[in-house]
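The values are calculated or read from the model by the stated rules, or taken from the named source; none is laboratory data. Predicted, not measured: the structure shown is a model, and the values here were computed from it. Cβ coordinates were reconstructed from backbone atoms using ideal geometry, including for glycine residues, and neighbour counts include every protein chain displayed. Surface accessibility is based on the protein's heavy atoms, side chains included, excluding ligands, DNA and RNA. Shrake-Rupley method; radii C 1.70, N 1.55, O 1.52, S 1.80 Å.
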Amino acid sequence: MKLHHELTQVNGSTIRAEIHKRRRKIRYGKLSLVLMVLILLVMGITYALSNMTYWIKTMVAPPPISMIKEPVQLKTIQGSLDSKEQPTRFLGQVSKVAYITFDDGPSKYTGQLLDIMNQYDAKATFFMIGENLDDYPEAVKRLVHEGSYPGLHSMTHSYKKLYKSGNSDNFLNEFKEVQNKVAALIGFKPHLIRAPYGSSPQIGEAFRGDIAAAGFKMWDWTTDSLDWKLPGQPNKIISRIHRGVHRDIEVILMHERKQTVEALPQILKLLKAKGYEFEVYNPNEHVVVNFSRDTRL
């Protein structure tokens, strides 16, 4: 009997211990479940609040200043000349830009070139010679009115007068003179120039410094059509440009010539087919394009 009583006590203790142990597991299990529910609830509230904050910012708050852009009006673009960031990307694709430029105008071909550019919703940058301005003043006014840019290409285009004096004086005097003549026609002074025959090798570092100090910016080119020496051969002009363009930003040199007028429609078509967008020079988004890569210009 005594042994049976002792076994009963032991078994009772064991059962009570087991019951207590189970009760603790149940309590811990319930506590864990409650904690998990609380954590999920907090996470849900946090997510909801963050989405609400984002919605309020995007739907109610005004866009940041960097997103607000005013359309450029050519007659009022006298702002800063900071270099444009390039190339830009959109949806993973690099934006390819072609600047069409024409030298040696204005001329009897200026209007025809503008007609063709308008057909392709494109603008150009015209580098004009001062000696031609008196003969075609309306062409200058028209190109500005239609959104192209009036660049400067000296008064005389004379290599001897521009570069043989040993300093920059004649060069700068000619560009200031043509700048004033253009301003008299259109009401503002353009500052973009193109040196006749290009800036290299005749324009050195000190010469470039003088140009920059005078307030000018200077463009050379990335692709030369050589159209001036290909009369009656528009297909060769097209082929040269087709072979030459491959950069994300192209400044294409052409001239106001009959063969250029004939080639221009196909040139614009092939540039579009290669994925290029057409842009006109904008002083507020200056792109450095000179053979010396001089950032002053």
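Kindly list, by first and then second residue, each pair from a residue in segment 181-192 that is among the basic types (Lys, Arg) to a residue that is crowded, with 18+ Cβ neighbours inside 10 Å, limited to pairs with Cβ atoms under 8 Å and residues at least 6 apart or on different chains.
Once the first residue is among the basic types (Lys, Arg) and sits in segment 181-192, its partners that are crowded, with 18+ Cβ neighbours inside 10 Å give Lys181/Gly130; Lys181/Leu133; Lys189/Gln179; Lys189/Val182.
Of the conditions (1) closer than 24 Å to Leu113 by Cα; (2) open to solvent by 70 Å² or more (accessible area, probe 1.4 Å), Ile241 fails just one. Which one is it?
Checking Ile241 against (1) closer than 24 Å to Leu113 by Cα; (2) open to solvent by 70 Å² or more (accessible area, probe 1.4 Å), the one that fails is (2).
In segment 177-214, what count of residues is obtained for those that are open to solvent by less than 30 Å² (accessible area, probe 1.4 Å), over 25 Å from Asp134 (Cα atoms) and in a loop (DSSP other than H, G, I, E, B)?
2
(1) in contact with a Leu (Cβ under 6 Å, 6 or more places away or on another chain); (2) within 30 Å of Lys269 (Cβ to Cβ); (3) surrounded by fewer than 20 Cβ atoms within 10 Å (Cβ to Cβ): which one isn't true of Glu138, the others all being true?
Just one mismatch for Glu138, condition (1).
Filter segment 106-131 down to the residues that are farther than 19 Å from Pro265 by Cα, outside any loop (DSSP other than H, G, I, E, B) and open to solvent by less than 40 Å² (accessible area, probe 1.4 Å) and list them by number.
Phe127, Met128, Gly130
Is it fair to say Leu172 is within 28 Å of Leu270 (Cα to Cα) and touching a residue at least 12 places away in the same chain (Cβ under 8 Å)?
no
Restricting to segment 118-166, what's the tally of residues that are touching a Ser or Thr at 6+ places or on another chain (Cβ under 7 Å) and hydrophobic (A, V, I, L, M, F, W, C)?
The total comes to 7.
When residues of segment 246-256 are filtered for being open to solvent by less than 70 Å² (accessible area, probe 1.4 Å) and either farther than 22 Å from Ser292 by Cβ or of a type in the set (Lys, Arg) (or both), how many remain?
Of the residues in that region, 3 qualify.
Which of (1) acidic (Asp, Glu); (2) under 25 Å from Arg293 (Cα atoms); (3) not in a helix (DSSP H, G or I) does Glu174 not meet, given it meets every other one?
Glu174 satisfies every listed condition except (3).
With the requirement that a residue be among the aliphatic types (A, V, I, L, M) and open to solvent by 10 Å² or more (accessible area, probe 1.4 Å), what does segment 277-297 give you?
We begin by selecting, within segment 277-297, every residue among the aliphatic types (A, V, I, L, M); these are 280, 287-289, 297.
Across segment 277-297, the qualifying residues are Val280, Val288, Val289.
Any idea how many residues of segment 228-249 are in contact with a helix residue (DSSP H, G or I) (Cβ under 6 Å, 6 or more places away or on another chain), in a helix (DSSP H, G or I) and over 22 Å from Glu277 (Cβ atoms)?
1
What's the total number of residues in segment 97-124 that are in contact with a strand residue (DSSP E or B) (Cβ under 8 Å, 6 or more places away or on another chain) and at negative phi?
Qualifying residue count for the region: 16.
Select from segment 132-146 the residues that are part of a loop (DSSP other than H, G, I, E, B) and in contact with a helix residue (DSSP H, G or I) (Cβ under 9 Å, 6 or more places away or on another chain) and write down the one among them that is farthest from Gln179 (Cα to Cα). Talk me through it step by step, then tell me what you get.
Of segment 132-146, the ones part of a loop (DSSP other than H, G, I, E, B) are 134-136, 146.
Adding the requirement that they be in contact with a helix residue (DSSP H, G or I) (Cβ under 9 Å, 6 or more places away or on another chain) leaves 134, 136, 146.
Details: Asp134: 13, Tyr136: 16, Glu146: 20 Å.
Among them, the one singled out is Glu146.
Between a first residue in segment 257-276 that is open to solvent by 10 Å² or more (accessible area, probe 1.4 Å) and a second residue that is assigned to a loop (DSSP other than H, G, I, E, B), which pairs have beta carbons less than 6 Å apart while being 6 or more apart in sequence or on different chains?
Gln259/Leu230; Gln259/Pro231; Val261/Tyr109
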